[in-house]
Ligand code: KIV
Ligand code: NA
């Protein structure tokens, strides 16, 4: 059975088996993630993780399409959702459709993700009606960092709940097949998950959500600083450093390449 999971398959997981999701940006990490996950997210976090940018704001559509293609080549089971980058979908729903359609046509991915609650509801409806499955993203929305002034958890005061709940209801009613809820206090994430008809996929939003997502390099221990909501499931940094050191030692002592790593002549030379 090699049929890829679809947006409706993920939508049907509401109140069901938890949705397992991780990011991937490369073919070979996608292959490893695909063996286990339901959704692979090609996140615009690639700007920070792959390119060392300070935020996701500078990420371009071309960067997302290039990595989206790489991830599609490495996967065959999971639904691949690709982030729409800052500036590619906010100005108008027509803009959003043109750019989302380009992402889907050029990569073959099964869904796109965009940030925003009530302000994006019209656009989400417009896209879904025209054949583009949309994953919403509410709570902390990193593309708005310059307005928010910092990466801070949301909904930690009850006074802030109504606005975030309105965002959740708006994107669900607009037809999003799932929503990422980022860095939101546990009781609010629980309330939203109970209220909306589509699955919630939490990142820093507690086990009350219908699924979880993390940035792969964060959970593997490859990125230097991570938010509180990341659990380090691996510590690959020291392993890579040790391998690089061993290689350098072997090159300097001329013990690499050894006999196993060189081509012999078909006939003796001379
Ligand atoms: O860009 C990203 O990686 C994301 C999530 C982790 C949800 O949007
Ligand atoms: Na993102």
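Values in this text are rule-based calculations from the coordinates and carry no lab data. Quick caveat, the model's predicted, so the values are computed rather than measured. Backbone-built Cβ (ideal geometry, glycine too); neighbour counts: all protein chains shown.
Our summary gives the chain a relative contact order of 16 percent, counting only alpha carbon pairs under 8 angstrom and 6 or more residues apart.
Between residue 269 and residue 129, the simple label model (points 7 Å from Cα in the Cβ direction) yields a spacing of 7.2 nm.
Of 231, 191, the sequence from fewest to most neighbouring Cβ atoms within 10 angstrom is 231, 191. Placing pseudo-labels 7 Å out from each Cα toward the beta carbon at residue 31 and residue 105 gives an inter-label distance of 3.1 nm. Extension gain for residue 92-residue 153 works out to 19.1 nm (0.36 nm per residue, less the C-alpha to C-alpha distance). Dividing the summed -39500 (n - 2.57) terms of all DSSP H runs of n ≥ 4 by the residue count of the chain sets its mean residue ellipticity at 222 nm at -11000 deg cm²/dmol.
Taking neighbour Cβ counts within 10 Å as the exposure measure, how do 89, 25 sort from fewest upward? Write down the numbers at each step before the final one.
On the way: 89 27, 25 24.
The fewest-first ordering by Cβ neighbours comes to 25, 89.
Residues 126, 256 in ascending order of nearby Cβ atoms (within 10 Å, fewest first): 256, 126.
From the Cα gyration tensor of the range 7-235, with a ≥ b ≥ c the square roots of its eigenvalues, which class applies: rounded if a/c is under 1.5, or else prolate if a/b is larger than b/c, or else oblate? It is rounded, given that a/c, with a ≥ b ≥ c, falls under 1.5.
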